[in-house]
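Reviewing the structure listed below.
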Protein chains: 2
Amino acid sequence: MLTRHTAHTEPTLRHTSPIDLPHDDMANALRALTMDAVEAAKSGHPGMPMGMADAATALFSRFVKIDPSRPDWADRDRVILSAGHGSMLLYAIHHLLGYSDMGIEELKRFRQLGAITAGHPEHGHTLGVETTTGPLGQGLTTAVGMALAERMMNARFGDELVDHHTYVLAGDGCLMEGISHEAIDLAGHLKLSKLIVLWDNNGISIDGRTSLSTSMDQPARFRAAGWNVISVDGQAYHAVVDAIAEARACDRPTLIACRTTIGFGAPTKAGSESAHGAPLGAAEIEGARERLGWNHPPFEVPGEVRAAWSQVAERGRASREAWERRLAISGRRADFEAATGGELPADFDEKLNAYKRMLSEEAPKVASRKASEMVLGVINSATDLTIGGSADLTHSNLTHTKGQVSVAPGDYSGRYLHYGIREHAMAAVMNGLALHGGFIPYGGTFLVFSDYARGAMRLSALMGQRVIYVMTHDSIGLGEDGPTHQPVEHLAMLRATPNINVFRPADAVETLEAWQLALHCEAAPSVLALSRQNLPTFRTEHSEENLTGYGAYVARKPRRRRDVTLLATGSEVELAFKAADMLALRDVDAAVVSMPCWELFEKQSEIYRRGVLGVAPRVAIEAAGRLGWDRWIGERGRFVGMTGFGASAPAPELYQHFNITPEAVVDATCDLLTCA
Amino acid sequence: MLTRHTAHTEPTLRHTSPIDLPHDDMANALRALTMDAVEAAKSGHPGMPMGMADAATALFSRFVKIDPSRPDWADRDRVILSAGHGSMLLYAIHHLLGYSDMGIEELKRFRQLGAITAGHPEHGHTLGVETTTGPLGQGLTTAVGMALAERMMNARFGDELVDHHTYVLAGDGCLMEGISHEAIDLAGHLKLSKLIVLWDNNGISIDGRTSLSTSMDQPARFRAAGWNVISVDGQAYHAVVDAIAEARACDRPTLIACRTTIGFGAPTKAGSESAHGAPLGAAEIEGARERLGWNHPPFEVPGEVRAAWSQVAERGRASREAWERRLAISGRRADFEAATGGELPADFDEKLNAYKRMLSEEAPKVASRKASEMVLGVINSATDLTIGGSADLTHSNLTHTKGQVSVAPGDYSGRYLHYGIREHAMAAVMNGLALHGGFIPYGGTFLVFSDYARGAMRLSALMGQRVIYVMTHDSIGLGEDGPTHQPVEHLAMLRATPNINVFRPADAVETLEAWQLALHCEAAPSVLALSRQNLPTFRTEHSEENLTGYGAYVARKPRRRRDVTLLATGSEVELAFKAADMLALRDVDAAVVSMPCWELFEKQSEIYRRGVLGVAPRVAIEAAGRLGWDRWIGERGRFVGMTGFGASAPAPELYQHFNITPEAVVDATCDLLTCA
């Protein structure tokens, strides 16, 4: 039987649990189930689970507070497998802890169609998977959001109701990705002491030894970010236990660098990249069973090992029951449940609609980013679920409202986050805030910098999280900053992404309606693409109904017949109105359709869509690329928009330069109708 | 007159130049021109240029080796303004150095339409701008690529011909962005000692003090990455001179942390975020002139200050002339000029075509990623311009060819880069390699992880650089890894981006043709979207002509009439062929059109395009989202593809599950033709 490395840190601290557990066998059960499942699937990643089995056993057996029978218990610890390819580690643990969806048959169907044991852990697909991981670094950064949410909920509801840890299992890849820098800087700055990261320091990546591509001193790097760092032998159960205990006592976030051997136990592949991402093969598995002293058939785990894992689940159940007793007698119960349920107040829509009426009456000519700020003032007064922020563009995104206090290191009572110049982390942290529960996060940057946040925005969509992206400066209308800052392809990029609502409101009223829809949309993220430049309010007639909810609607009816339909979004709706006026002088009767949200329009009935689009020729106007518009304009249609990158100049000159003008719309229409 | 801070580092090293320059006035000229230009433009960023004027003067006056009369001199130093919003610093320097395009009138037209003084520096738009910056962190990372290119060219051509530095001016934002982590880790690992970064450590970002969002110990962080770090008073000219001299002597890359005051000189706004990104206003400018002792009218620079800057240019000219004498007598001159010219060998296409003939004859059934590897074997033998690499997916992307040696710390003679798990840095470093000249970089990752590289990929396109992205596992065809790894929206995202050719070849022959086009495309990047799964070769008849160059072509002619046209790309062309066979049994005559590159197809004549698309109804098949396809299928067309995210299962099952099958194509066709 293989001997564990000697522990470098001798146990000195008292453990949190007196249970005397057969930890070697508990870990070997994880290894064996991993080897067997990967072999059965003929694909998967055995290396990480086998290397981290001891550390994971230490974490779960002594510390993790979860109740498998109530995977959604609000005060549970969050455990994040940031190295998502090691999914079998999590599935094996969940199986042994008794999650109701994780029977042995599911392990046998690892990576098969319809199995809950997907290649990478998917939130919403499998019980107890706190966030979807696989794209490296996302889990770590999302965990920062969860750890922050815990502190913020704690600031609101106290230790009695909110007091849990966020644990992360991260690999070399997670720490090499750029997003990890944003994550650890933010976590260190905010002193998220209940965030504990176990790094699988195995020195191997897919190409070979990590020394092929990095010489980073990770402990020094984390210390530079204000973290507590502990280095241990990751195969030494007690050393890991001690490290976690020490981490829990620290007033800063902790990195536990676990030196491990990838594929620990495999006779020829351990310690090599060949153990990373492919089945070990029958002979190697047999050899590993021998070395590990694990003489049980595939997928079989002896009763005493199962019993040990069950004890862990029992401890969690007891914690949860104690917590429920506290909740039952808490004076804050209703508030707490409303927060974790993410429920907007009953009078929320009433307040918003009253403000909408006022906007229609006053018809302000403001940028939609400004309208957003005005609406946010109402929203943030009407609910305290919303948590604002910006990636260092607060005064440009206009995401901050009056009296909104900033979260600061050690003081988590605020409702505004200075995310710093970290768009990617902002998106992932917002995912974490939303996943944790208790909050509706919104965060701002320029639309063009959705590029930097893409990885995490895609996960917002894939996980169906209520995260709201406030993306201002949404076209060449931002002007002088030039092509690096002017989005051209980003609306298409976001519209192409499944399960995300992309709003481009055309005036203050549509901006309010977009916010209302975004806040009510619990199963998908929203993007609000907002203008830098002022826009007139054309929705001067109040409607209780949220017209933006139709995705598109006739904003200006034709006077008699409909000769042409002008389709536009956002700031270009104004151009469509002007073009319609000019066309009227030529006796061309134009309908103007505002299309603030394609995704919602697609969900309308075909009859509604046909009615809006009409049978007359169509001209679309959008200060962005054409891709996607052909669906709406049809084969005969015309498009007035961008054909390449923008340029640096004042916005009005750019619209002229790129020929996105009412005159261009008139020309395109006349060309189409040969109305000259 | 404002007194400079006391220098913390006393001059101890000999300077590289004996010129006794009026450095305070040289720096103040930069400040004054910045204030005046931003004021005239009514927009812009005065804070950084005013804070970094002394450091920039130190850098340029004593060290930088450039000849403004030959901005493209191959052995010039590269100076990268990573904090691109401080563009006026660069423009003011270029003006005073005498760049031919940078007359005073251009400074007066800062940020105006058509001016070369764009809001952010744009490569190709303005002489001497080495790379386009503005999106933070890109300049720093691109500079890593340039510094690497310098070492690699040096390894090939020696000190006589290649011996220059790469200097970066970076701000807090550059160092907060995640990409900076990837950049500094890679640069430290590779010991790029001729890379010197001057950090404008002013403690201010847009939202306010950087302490709002970061507590990072930047020097410690850079040291952890293997960098040399020097901290100086950035307003102390001699201290900066000494630091740069010390940095040049070090065998590692150096960070010079320059403590500065943002907006230095401005009486009320200096040291505050109000100096960052808006004109100072007339009163503040007047006060600054007084404090700085700069009593000259707007846009006027006295002769002695101009003379001092001219001396710097003269020094550069002398260096360039000496270098040209060395080149003239070098035995490597022809090779060097071919490399820096980026010229493929004369027999290159002949070799590729011979291999294409063989592929057509042998008709291998291989994944297009495998075909790519085979073709790369020929390419890498035929030219040594190509530099391969992968973001730690070498054996999956199949980007490495036989005998290709890896670049290693201190040994830059290789032709393969282990970029590590750093997609964003890979893209930006490839931009740097291409911009530097001498190389054609290609780099691999999974197509889905274009998300992580988006920021830099957009700059490849905006700058029109010959960078080749090898994006494998391009659909649900990757199988078990599941939705986090399966691209759905990425083809649309890339197709929406201007000036980038997105190839999705359908077989080995098209893969070769795509490579050939990408290598010949000097003014745009290319993406090769390649399959994980095997594909049959249908191009069994050799054609000297590159059919992929048409973007789309009829791959299977109808037998008599054309009842339907099946459009497909990549791995779905096989499905279209099968569907055509099945339709033939129902007496439906189908043409199959392969569309490997939409961008090139759009460039064909309308007659050609109409001929290919035909007038019969069309059905498109692509294992991706629909966005963009309506342009090709028209209003009556059908689309067989993805409507949401993928799933984890073996690939063949996923194609069935998502109904992307020949049967589905037949059904769609019959529905369309009511041929049931």
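The values are calculated or read from the model by the stated rules, or taken from the named source; none is laboratory data. Values in this document were obtained by computation on a predicted structure and should not be read as measured data. Heads up, the Cβs are rebuilt from the backbone with ideal geometry, glycines too, and the neighbour counts pull from every protein chain shown. Only protein heavy atoms, including side chains, enter the accessible area calculation; ligands, DNA and RNA are left aside. Shrake-Rupley method; radii C 1.70, N 1.55, O 1.52, S 1.80 Å.
Within segment A:157-179, is there a residue that is at pLDDT 95 or above, of a type in the set (A, V, I, L, M, F, W, C) and open to solvent by 10 Å² or more (accessible area, probe 1.4 Å)? Please lay out each step first, then the result.
Of segment A:157-179, the ones at pLDDT 95 or above are A:157-179.
Filter once more, so that each one left must be of a type in the set (A, V, I, L, M, F, W, C): A:157, A:161-162, A:168-170, A:174-176, A:179.
Those still in the list that are open to solvent by 10 Å² or more (accessible area, probe 1.4 Å) too: A:157.
The answer is yes, given that some residue of segment A:157-179 is at pLDDT 95 or above, of a type in the set (A, V, I, L, M, F, W, C) and open to solvent by 10 Å² or more (accessible area, probe 1.4 Å).
Report yes if A:Glu653 is open to solvent by less than 10 Å² (accessible area, probe 1.4 Å), at pLDDT 95 or above and of a type in the set (D, E, K, R), otherwise no.
Numbers: open to solvent by less than 10 Å² (accessible area, probe 1.4 Å): no; at pLDDT 95 or above: yes; of a type in the set (D, E, K, R): yes.
For A:Glu653, the condition - open to solvent by less than 10 Å² (accessible area, probe 1.4 Å), at pLDDT 95 or above and of a type in the set (D, E, K, R) - is not met.
Restricting attention to segment A:591-630, and to residues there that are in contact with a Pro (Cβ under 8 Å, 6 or more places away or on another chain) and within 25 Å of A:His657 (Cβ to Cβ), which single residue is nearest to the other protein chains (Cβ to nearest Cβ)?
We begin by selecting, within segment A:591-630, every residue in contact with a Pro (Cβ under 8 Å, 6 or more places away or on another chain); these are A:591, A:596, A:624-625.
Then drop every residue that is not within 25 Å of A:His657 (Cβ to Cβ), which leaves A:624-625.
Details: A:Ala624: 9, A:Gly625: 5 Å.
The selected residue is A:Gly625.
Just name the residue that is farthest from the other protein chains (Cβ to nearest Cβ) out of those in segment B:104-121 that are open to solvent by 30 Å² or more (accessible area, probe 1.4 Å) and either farther than 17 Å from B:Met35 by Cα or assigned to a helix (DSSP H, G or I) (or both). Before the answer, list the steps.
Kept after step one, since they are open to solvent by 30 Å² or more (accessible area, probe 1.4 Å), are these residues of segment B:104-121: B:104-106, B:108-109, B:112-114.
If we keep only those that are either farther than 17 Å from B:Met35 by Cα or assigned to a helix (DSSP H, G or I) (or both) too, we end up with B:104-106, B:108, B:113-114.
Numbers: B:Ile104: 19, B:Glu105: 16, B:Glu106: 12, B:Lys108: 14, B:Leu113: 3, B:Gly114: 8 Å.
Ranking the candidates gives B:Ile104 first.
Have a look at B:Met50, B:Met35 and point out the one that is in a helix (DSSP H, G or I) and either open to solvent by 20 Å² or more (accessible area, probe 1.4 Å) or in contact with a Gly (Cβ under 6 Å, 6 or more places away or on another chain) (or both).
On the way: B:Met35 fails: either open to solvent by 20 Å² or more (accessible area, probe 1.4 Å) or in contact with a Gly (Cβ under 6 Å, 6 or more places away or on another chain) (or both).
It is B:Met50.
Quick one: is B:Ala425 surrounded by 24 or more Cβ atoms within 10 Å (Cβ to Cβ), more than 24 Å from B:Ala649 (Cα to Cα), at the interface with chain A (Cβ under 9 Å from one of its Cβ atoms) and not aromatic (Phe, Trp, Tyr)?
Values: surrounded by 24 or more Cβ atoms within 10 Å (Cβ to Cβ): yes; more than 24 Å from B:Ala649 (Cα to Cα): yes; at the interface with chain A (Cβ under 9 Å from one of its Cβ atoms): yes; not aromatic (Phe, Trp, Tyr): yes.
In short, yes.
What strands (runs of 3 or more DSSP E) lie completely within segment B:445-552 and have 3 or more residues being among the aliphatic types (A, V, I, L, M) and surrounded by 24 or more Cβ atoms within 10 Å (Cβ to Cβ)?
Answer list for segment B:445-552: B:468-472, B:526-529.
What's the number of the only condition in (1) assigned to a loop (DSSP other than H, G, I, E, B); (2) surrounded by 20 or more Cβ atoms within 10 Å (Cβ to Cβ); (3) in contact (Cβ under 8 Å) with a residue 40 or more places away in the chain that B:Ile244 fails to meet?
Result: B:Ile244 passes all but (1).
Residues in segment B:607-619: is at least one within 26 Å of B:Arg560 (Cβ to Cβ), touching a residue at least 40 places away in the same chain (Cβ under 8 Å), in a loop (DSSP other than H, G, I, E, B) and touching a Phe, Trp or Tyr at 6+ places or on another chain (Cβ under 7 Å)?
No, every residue in segment B:607-619 fails to be within 26 Å of B:Arg560 (Cβ to Cβ), touching a residue at least 40 places away in the same chain (Cβ under 8 Å), in a loop (DSSP other than H, G, I, E, B) and touching a Phe, Trp or Tyr at 6+ places or on another chain (Cβ under 7 Å).
Could you please find all residues in segment A:377-411 being surrounded by 24 or more Cβ atoms within 10 Å (Cβ to Cβ), more than 13 Å from chain B (Cβ to nearest Cβ) and assigned to a helix (DSSP H, G or I)?
Matches in segment A:377-411: A:Ile379 only.
Of the residues A:Gly128, A:Gly86, which is under 22 Å from A:Cys174 (Cα atoms), at pLDDT 95 or above and assigned to a helix (DSSP H, G or I)? Write out each step before concluding.
Values: A:Gly128 fails: assigned to a helix (DSSP H, G or I).
The unique qualifying residue is A:Gly86.
Each row is one residue, and each column tells you yes or no for (1) part of a strand (DSSP E or B); (2) more than 9 Å from every other protein chain (Cβ to nearest Cβ).
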| site | (1), (2) |
| --- | --- |
| A:Ala147 | no, yes |
| A:Asp159 | no, yes |
| A:Tyr167 | yes, yes |
| A:Asp185 | no, no |
| A:Leu192 | no, yes |
| A:Ile196 | yes, yes |
| A:Phe222 | no, no |
| A:Gly226 | no, no |
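Restricting to segment A:636-650, what's the tally of residues that are open to solvent by 90 Å² or more (accessible area, probe 1.4 Å) and not in a loop (DSSP other than H, G, I, E, B)? Step through it out loud before you land on a result.
The first filter runs over segment A:636-650 and keeps only residues open to solvent by 90 Å² or more (accessible area, probe 1.4 Å), leaving A:636, A:643.
Narrowing further to those that are not in a loop (DSSP other than H, G, I, E, B): none.
So the answer is 0.
Conditions (1) acidic (Asp, Glu); (2) touching a helix residue (DSSP H, G or I) at 6+ places or on another chain (Cβ under 7 Å); (3) closer than 25 Å to A:Met457 by Cβ, marked per residue:
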site: A:Phe538; (1), (2), (3): no, yes, no
site: A:Glu544; (1), (2), (3): yes, yes, no
site: A:Thr565; (1), (2), (3): no, yes, no
site: A:Leu583; (1), (2), (3): no, yes, no
site: A:Asp587; (1), (2), (3): yes, no, no
site: A:Glu602; (1), (2), (3): yes, no, yes
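In segment B:185-211, what count of residues is obtained for those that are open to solvent by less than 10 Å² (accessible area, probe 1.4 Å) and among the aromatic types (Phe, Trp, Tyr)?
So the answer is 0.
Which condition does A:Ile179 not pass, out of (1) facing chain B (nearest Cβ under 7 Å); (2) hydrophobic (A, V, I, L, M, F, W, C); (3) free of Cβ contacts under 8 Å to residues at least 40 places away in the same chain, if it passes all the others?
Result: A:Ile179 fails condition (3) only.
Here are some residues: B:Ala283, B:Ala270, B:Ala266. Which one is without any contact (Cβ under 8 Å) to a residue 24 or more places away in the chain and either within 19 Å of B:Lys42 (Cα to Cα) or assigned to a helix (DSSP H, G or I) (or both)? Even if it seems obvious, please write down each step before you answer.
Numbers: B:Ala270 fails: without any contact (Cβ under 8 Å) to a residue 24 or more places away in the chain; B:Ala266 fails: without any contact (Cβ under 8 Å) to a residue 24 or more places away in the chain.
Just one listed residue meets the conditions, B:Ala283.
Can you name every residue in segment B:551-577 that is free of Cβ contacts under 8 Å to residues at least 60 places away in the same chain and closer than 24 Å to B:Glu602 by Cα?
As a first pass, look at segment B:551-577 and keep what is free of Cβ contacts under 8 Å to residues at least 60 places away in the same chain: B:551, B:553-562, B:565, B:577.
Result: B:Gly551, B:Tyr553, B:Val554, B:Ala555, B:Arg556, B:Lys557, B:Pro558, B:Arg562, B:Thr565, B:Phe577.
Looking only at residues in segment A:435-444 that are open to solvent by less than 10 Å² (accessible area, probe 1.4 Å) and outside any loop (DSSP other than H, G, I, E, B), which one is farthest from the other protein chains (Cβ to nearest Cβ)?
Selected residue: A:Ile440.
Looking at segment B:289-328, which of the residues that are of a type in the set (A, V, I, L, M, F, W, C) and free of Cβ contacts under 8 Å to residues at least 24 places away in the same chain is farthest from B:Ala270 (Cα to Cα)? Give the steps one after another, and end with the answer.
To start, the set of residues in segment B:289-328 that are of a type in the set (A, V, I, L, M, F, W, C) comprises B:292, B:294, B:299, B:301, B:305, B:307-309, B:312-313, B:318, B:322-323, B:327-328.
When the remaining residues are screened for being free of Cβ contacts under 8 Å to residues at least 24 places away in the same chain, the result is B:307, B:318, B:322, B:328.
On the way: B:Ala307: 29, B:Ala318: 39, B:Ala322: 43, B:Ala328: 51 Å.
Filtering first and then ranking leaves B:Ala328.
Just to be sure, is A:Arg259 in contact with a Gly (Cβ under 6 Å, 6 or more places away or on another chain), touching a residue at least 24 places away in the same chain (Cβ under 8 Å), in the same structural domain as A:Arg78 (by the TED database) and surrounded by fewer than 21 Cβ atoms within 10 Å (Cβ to Cβ)? Please lay out each step first, then the result.
On the way: in contact with a Gly (Cβ under 6 Å, 6 or more places away or on another chain): yes; touching a residue at least 24 places away in the same chain (Cβ under 8 Å): yes; in the same structural domain as A:Arg78 (by the TED database): yes; surrounded by fewer than 21 Cβ atoms within 10 Å (Cβ to Cβ): yes.
Here the answer is yes, as A:Arg259 does meet what is asked.
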